[in-house]
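Chemist: Below is a structure I'd like to ask you about.
The values are calculated or read from the model by the stated rules, or taken from the named source; none is laboratory data. The model shown is predicted, which means the values in this text are computed figures rather than measured ones. Here the Cβ positions follow ideal geometry from the backbone for every residue, glycine too, while neighbour counts run over all protein chains shown.
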Amino acid sequence: MKNRFVSLFLILAGLAVSGIHSAALDGVIDLYKLYDNPEAHVSLKGKLTTADRIASHGYPSEHHYIPTEDGYVVGAFRIPYSHKLQNQNQKRPIAFLQHGLGSCSDAWILQGPDNSLPYLLADAGYDVWMGNARGTAYSRNHTTLSTENPNFWKFSWHEIAVYDITAIIDYALSTENGKDQDSLHYVGHSQGTTVYFALMSSLPEYNEKIKTAHMFAPVAIMKNMANPLVRALGPYLGHQGIYATLFGTQEFLPHNDFVMSLFFNICQPDFLLRPVCENAMQTLYSGGRVNMTAMPDAMATHPAGCSTDQMLHYLQEQQSGYFRRFDYGAKKNLLIYGTEEPAEYPVELITSAVHMWYSDNDAMAAVEDVEKFASRLPNKFMHHMLDKMWTHGDYALNREVRKYVNEPVIAIMEEYEQKNGGM
Ligand SMILES: *[C@@H]1O[C@H](CO)[C@@H](O)[C@H](O)[C@H]1NC(C)=O
Ligand SMILES: *[C@@H]1O[C@H](CO)[C@@H](O)[C@H](O)[C@H]1NC(C)=O
């Protein structure tokens, strides 16, 4: 969702700007500790989960705890069938949806059963899974590490790709409904597309497990992205150095007082980034495009937490213009990749059918970057939005997302199912 993504960067910008004024940075770090009481804000006890929200609309819903090969336990939610169809005893094709940065599974269901993709898929006969990346509110869980341990936060979206996404795919394919199926449909938004590209190029055998893949607002190459904050921050945080070291490998604070106070300060009239703040608000609330009824739930569930290394990795991409592995600095890169520069993802190996959904007004995914990246994909289908106003966050909150995105996506999946014998 653009608004949260933007606000995350606003906050990061606040930190970076303080950092640029050298000594102030220490003050920020202290503040960080002072205000940070993650359990008070992130604990799910007594809070509604994605499963509760789904159940409140009468749909069957499940909460699964899925272990990853490297010890994390990620939360995934499922609408196993539709109570309207009563199709629980039929074979249901599987669809797996993966959220963006700072987001979580709730983003998919904000607009309710008449509009949101998971419900529409369930009512079309699908077995629907929604993942949650490590570090988000539903995936703060590890077999040996506590979230207080800095090692818990030592991951970027590369690890989400090769550990979390593979674990969820394999898990969904191992259930009673999934065990006779060897592949599924994938839908990702923003970082949910980045992890798809990273996974399918790193472990190309996973392409066999994909029927169709849908990339909403695809983010891989970021050279031409318009977002002014990312562009402003890139030079400071997109390279290994003092700022990157200070910000790296820690929890990026979820919804709490510190984030809120910083966000508030950033929007003060005398603040340097005031124009950016205004711009973000205007994009978000203008034109009646956003479903305001869905906003309270959006605010209650976002940002959902991530590691600062995920942000650094994006800023590195923005600076380098490449889609490549995390940059640890020349010395460590040499140890890990065998080269001083991080290894590039071999995206030519992504043989699965990739549908790119992209638009002119997306500040995170420039049309030029999306098309340049797609030119390297062997099996792609381009869906350039006709609506010139369509933004990064519209895939979650635009009032007409059903008509412009969700229905066409389901039609493509249905076409696949019919061609391949149906189910
Ligand atoms: C907006 O969101 C609300 C709350 O989820 C939902 O009930 C409604 O159907 C959505 N769409 C429109 C067009 O109002
Ligand atoms: C963590 O994962 C375990 C399964 O390994 C599960 O039983 C437990 O409820 C999870 N805890 C949280 C807070 O999600």
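Chemist: Scan segment 81-131 for residues that are assigned to a helix (DSSP H, G or I) and of a type in the set (A, V, I, L, M) and report the count.
Modeler: First, pick out the residues of segment 81-131 that are assigned to a helix (DSSP H, G or I): 105-109, 117-123.
Going one step further and asking which of them are of a type in the set (A, V, I, L, M), we end up with 107, 109, 117, 120-122.
The total comes to 6.
Chemist: Further question on the same structure: Quick check: is even one residue across segment 129-145 away from ligand 2 (no atom under 16 Å from the Cβ) and surrounded by 19 or more Cβ atoms within 10 Å (Cβ to Cβ)?
Modeler: In the first step, residues of segment 129-145 are kept if they are away from ligand 2 (no atom under 16 Å from the Cβ); the result is 129.
Add one more test, that the residue is surrounded by 19 or more Cβ atoms within 10 Å (Cβ to Cβ), and what stays is 129.
Yes, because at least one residue in segment 129-145 is away from ligand 2 (no atom under 16 Å from the Cβ) and surrounded by 19 or more Cβ atoms within 10 Å (Cβ to Cβ).
Chemist: Also, I was wondering about something else. Mind checking which helices (runs of 4 or more DSSP H) fall wholly inside segment 165-280 and carry at least 2 residues that are at pLDDT below 85 and more than 24 Å from Ser359 (Cβ to Cβ)? Walk me through it before giving the result.
Modeler: On the way: elements: 166-172, 191-202, 228-237, 242-247, 257-266.
Once the helices (runs of 4 or more DSSP H) in segment 165-280 are filtered for at least 2 residues that are at pLDDT below 85 and more than 24 Å from Ser359 (Cβ to Cβ), what remains is 228-237, 242-247, 257-266.
Chemist: Do any helices (runs of 4 or more DSSP H) lying entirely in segment 282-364 carry at least 2 residues that are modelled with pLDDT under 90, and which ones are they? Show your work before the answer.
Modeler: Values: elements: 295-301, 308-320, 330-337.
Here the list reads 295-301, 308-320.
Chemist: Every residue in segment 73-116 that is more than 30 Å from Phe252 (Cβ to Cβ) and within 16 Å of ligand 1 (Cβ to nearest atom), please.
Modeler: Correct list: Pro113, Asp114.
Chemist: Condition first: closer than 22 Å to Gly135 by Cα, of a type in the set (A, V, I, L, M, F, W, C) and touching a Ser or Thr at 6+ places or on another chain (Cβ under 8 Å). Now tell me which residues in segment 57-111 satisfy that.
Modeler: As a first pass, look at segment 57-111 and keep what is closer than 22 Å to Gly135 by Cα: 62-78, 96-110.
Restricting the remaining residues to those that are of a type in the set (A, V, I, L, M, F, W, C) gives 66, 73-74, 76-77, 96-97, 101, 104, 107-110.
Matches in segment 57-111: Val73, Val74, Ala76, Phe77, Leu97, Leu101, Cys104, Ala107, Trp108, Ile109, Leu110.
Chemist: Any residue that is hydrophobic (A, V, I, L, M, F, W, C) and within 17 Å of Ala217 (Cβ to Cβ) - is there at least one of those in segment 414-423? Quick ask: steps written out before the conclusion?
Modeler: First, the residues of segment 414-423 that are hydrophobic (A, V, I, L, M, F, W, C): 423.
Still in the running and within 17 Å of Ala217 (Cβ to Cβ): none.
Taking every residue of segment 414-423 in turn, none turns out to be hydrophobic (A, V, I, L, M, F, W, C) and within 17 Å of Ala217 (Cβ to Cβ).
Chemist: Of a type outside the set (D, E, K, R), within 16 Å of ligand 1 (Cβ to nearest atom) and in contact with a strand residue (DSSP E or B) (Cβ under 6 Å, 6 or more places away or on another chain): does that describe Tyr59? Please lay out each step first, then the result.
Modeler: Working: of a type outside the set (D, E, K, R): yes; within 16 Å of ligand 1 (Cβ to nearest atom): yes; in contact with a strand residue (DSSP E or B) (Cβ under 6 Å, 6 or more places away or on another chain): yes.
The answer is yes for Tyr59.
Chemist: Looking only at segment 381-423, how many residues end up being of a type in the set (Asp, Glu), in contact with a Pro (Cβ under 9 Å, 6 or more places away or on another chain) and either loosely packed, with under 14 Cβ neighbours inside 10 Å or not in a helix (DSSP H, G or I) (or both)?
Modeler: Counting residues in segment 381-423 that are of a type in the set (Asp, Glu), in contact with a Pro (Cβ under 9 Å, 6 or more places away or on another chain) and either loosely packed, with under 14 Cβ neighbours inside 10 Å or not in a helix (DSSP H, G or I) (or both) gives 0.
The rows are residues; the columns are (1) out of contact with any Ser or Thr (no Cβ under 9 Å at 6 or more places or on another chain); (2) more than 16 Å from ligand 2 (Cβ to nearest atom).
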residue: Asn149; (1), (2): yes, no
residue: Trp153; (1), (2): no, yes
residue: Tyr163; (1), (2): no, no
residue: Tyr171; (1), (2): yes, no
residue: Thr175; (1), (2): yes, yes
residue: Asp182; (1), (2): yes, yes
residue: Gln191; (1), (2): no, yes
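Chemist: Whether any residue in segment 42-53 is buried (at least 18 other Cβ atoms within 10 Å of the Cβ), part of a loop (DSSP other than H, G, I, E, B), at pLDDT 50 or above and within 14 Å of ligand 2 (Cβ to nearest atom) is what I want to check. Steps first, answer last, please.
Modeler: Going residue by residue through segment 42-53, those that are buried (at least 18 other Cβ atoms within 10 Å of the Cβ) are 42, 49-51, 53.
From what is left, the residues that are part of a loop (DSSP other than H, G, I, E, B) are 49.
Restricting the remaining residues to those that are at pLDDT 50 or above gives 49.
From the residues that got through so far, the ones that are within 14 Å of ligand 2 (Cβ to nearest atom) too are 49.
Within segment 42-53, one or more residues are buried (at least 18 other Cβ atoms within 10 Å of the Cβ), part of a loop (DSSP other than H, G, I, E, B), at pLDDT 50 or above and within 14 Å of ligand 2 (Cβ to nearest atom).
Chemist: Could you say which residue among Tyr345, Tyr337, Tyr404 is in contact (Cβ under 8 Å) with a residue 24 or more places away in the chain and of a type outside the set (A, V, I, L, M, F, W, C)? Full working, then the answer.
Modeler: On the way: Tyr337 fails: in contact (Cβ under 8 Å) with a residue 24 or more places away in the chain; Tyr404 fails: in contact (Cβ under 8 Å) with a residue 24 or more places away in the chain.
Of Tyr345, Tyr337, Tyr404, the one residue that is in contact (Cβ under 8 Å) with a residue 24 or more places away in the chain and of a type outside the set (A, V, I, L, M, F, W, C) is Tyr345.
Chemist: Could you check segment 132-164 and list, in sequence order, the residues that are small (Gly, Ala, Ser) and either assigned to a helix (DSSP H, G or I) or within 16 Å of ligand 1 (Cβ to nearest atom) (or both)? Break it down stepwise before answering.
Modeler: Taking segment 132-164 first, the residues small (Gly, Ala, Ser) are 133, 135, 137, 139, 146, 156, 161.
Matches in segment 132-164: Ala161 only.
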